[in-house]
Amino acid sequence: MGEGEDTGFKTTGSKWLLPVSELLGFPLDQVNFLACQLFALAAAFWFRLYLSPSHANPLVRHAVATLLGIVFLIFCFGWYSAHILTVVVGSYLIIINADINNVHRYSMVTAMGYLTVCQVSRVFIYNYGVLSTDFSGPLMIVTQKITTLAFQLHDGMCKKSEQLSPGQKTLAINVRPSLIQYLSYNLNFLSILVGPCSNYKEYIDFIEGRHISRRLRQHSGTCNGHNGYDKIPEPSPNNAVCRKLLVCSGCMLIFLTVTRALPITYNVDPQFVNNAPFLTRLTYAFFSIQAARPKFYFAWTLSDAVHNAAGYGFLGMDANGKPSWDLICNINILRIETATSFKTFIDNWNIQTGIWLKTVCYDRAPRHRLPLTFILSALWHGVYPGYYFTFITAIPITMAARAVRKSVRQHMLSSRGLKLGYDLFTWAATQLAICYTVMPFLLLAVESTLVYYRSMYFHVHIISILAVIALHQKHKPSELSATNKTCSSSSSSSSSLCPAQCQPVHSNSNNKVD
């Protein structure tokens, strides 16, 4: 037991905060991470107020953002930071020297290949042990940025305007970035530790002082210039930062009081599995998964607050004419906790990763879009078997949820009482299905996952598959009839709408200006 605790406090990063780690009882790498993020928050205010575009030229802002990011890497990961620096520098050499027609392919293979090698080493060399200093998080974020930039550069330098969607046209890059721009985009202190990934052109606009004014002009343009937003002073992010820090405080409180009291591993404890009744095991699984979320809420919301404090992340004006600072928001806690469908939950979890998957895979794959997007998502997350159990389990659950919604929902809208009852039922079913699906993602190993599924009698798998089979037969005739109608009507029109079933798992509209 003592040996395991000692391992938890080892790190390849700085040991300056070891006394704080021992005092609080937290692993040193977590203490280092929190210290860097709090320092980043203070530095972000300074960056916006004293190193603003009106006080410093873009080169200075790029250099300071990059140097601070590298310092954070070395402080948290020590020599492991060489992995992140290596893939960034190697990818820049590809950007500069490779044939522009293939730069996106070379960048994808290099970044994803390097990430996969590191992920494989975690599983097989370290035998499922999560390293005390886990550098895979920053490496995953850098992989997203490298590939996003490469595809957008290919869009801007190789494709004609009519070949691009409106979104791709807006974000296309027409000139290869300089070294300092590339390093700053990938390694800046705002996002180096926990992300999220943002678009290169938006980041350059932020550094060069055009970020907010351009967003205001875009918003004014959608209203034919009648709202006057393009003439108002730049809005302050202080209210948004304070609100997000308040959310972080609540998440930290829940983590300290609830999360640590409900460990995920207890779900596969032999004594608990063998002696506790099924309903007790199901209840504990539900609450332990609920309790595991606040640490993700905390990390992503704090990162969002850091970006906003620096003046980055302005989306535009909302329906009430108030500034919205959710451009690179990575999570919508309220929609997650009240989700009444699998899709709603996924669309509001790790939002920027969903946008990345859509940008580099779903929107570009000529065929088999959804399977390819699932495969890329799985590879990006890592090679722990638990991840693949989660993705495979999600498939029948998603199919069953669509089938049930198609069969039942229209009958529940006739009265307010029925609608409320339906919403409560679908909320409970969604949360229990998410719990069942996500558990292997947190358990990681095959053995633990199978122990958990056996303790649950594979009930969600069985119910989902039976629902799909039963409801598929029910809808088959009507779907064929609808298909025939669609085909006959499409003969007189060249345009078609993408069906809901084709939407990517993480699709959302957070990359658009309202």
### Query
Can you flag which of K159/K358; K295/K322; K160/K201; K15/K244 are past 21 Å Cα-Cα?
K295/K322; K15/K244
## Note on the structure
Under the Karplus relation with 6.51, -1.76 and 1.60 and θ = phi - 60°, whole-Hz ³J(HN,Hα) for the stretch 15-31, x at Gly and Pro, equal 10, 4, 9, 4, x, 5, 4, 5, 5, 7, x, 9, x, 4, 5, 6, 5
### Message
Along the charge dipole of the chain, pointing to its positive end and built from +1/-1 on Cβ of Lys, Arg, Asp and Glu, which listed residue (T147, S191, A43) has its Cα farthest out?
### Response
T147
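Take the Cα pairs of the stretch 349-418, get the Kirkwood Rh, then feed it into Stokes-Einstein at 25 °C and 0.890 mPa s and tell me D in µm²/s. Write down the numbers at each step before the final one.
Numbers: Rh = 14.4 Å.
Roughly 170 µm²/s, to the nearest whole number.
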### Query
Out of these labelled values of P(r) over Cα pairs in 10 Å bins from 0, in percent, (i) 4, 20, 31, 28, 14, 3, 1, 0, 0; (ii) 3, 13, 17, 20, 19, 13, 8, 4, 2, 1, 0, 0; (iii) 3, 16, 27, 27, 18, 7, 1, 0, which was calculated from the coordinates shown here?
(iii)
### Task
Let me know the charge dipole size of the stretch 270-421 about its Cα centre in debye, to the nearest 20, where only the beta-carbon of Lys, Arg (+1) and Asp, Glu (-1) is charged.
620 debye
### Summary
Net charge (Lys, Arg +1; Asp, Glu -1) of residues whose beta-carbon lies under 15 Å from that of W380, W380 excluded, is +3
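Taking only protein heavy atoms into account and a 1.4 Å probe, give the accessible area per residue of the chain in Å².
That works out to 49 Å² per residue.
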### Computed lengthening from S165 to Y50, 0.36 nm per intervening residue step minus Cα-Cα distance
37.6 nm
### Query
Considering only T359, V404, I289, whose Cα is most displaced toward the positive end of the charge dipole of the chain, charges sitting on Cβ of Lys, Arg (+1) and Asp, Glu (-1)?
V404
### Query
What number comes out for the charge environment of A401, summing +1 per Lys or Arg and -1 per Asp or Glu over other residues with Cβ under 15 Å away?
+3
### Message
Let me check I've understood the local charge: for T147, count other residues with C-beta under 12 angstrom from its C-beta, Lys and Arg +1, Asp and Glu -1. What total comes out?
### Response
+3
### Rounded percent of accessible protein surface that carbon and sulfur make up, the chain, 1.4 Å probe
65 percent
### Query
Rg to Rh for the stretch 69-121: what is it, with Cα atoms only and Rh by Kirkwood?
1.05
### Query
What size of dipole, in debye to the nearest 20, comes out for the chain about its Cα centre when the only charges are +1 on Lys and Arg C-beta atoms and -1 on Asp and Glu C-beta atoms?
1480 debye
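The values are calculated or read from the model by the stated rules, or taken from the named source; none is laboratory data. What you see is a predicted model; the values in this text were computed from it and never measured. Cβ: placed from backbone, ideal geometry, glycine included. Neighbour counts: every protein chain shown. Accessible surface is based on the protein model in full, side chains and every heavy atom, while ligands, DNA and RNA are left aside. Shrake-Rupley method; radii C 1.70, N 1.55, O 1.52, S 1.80 Å.
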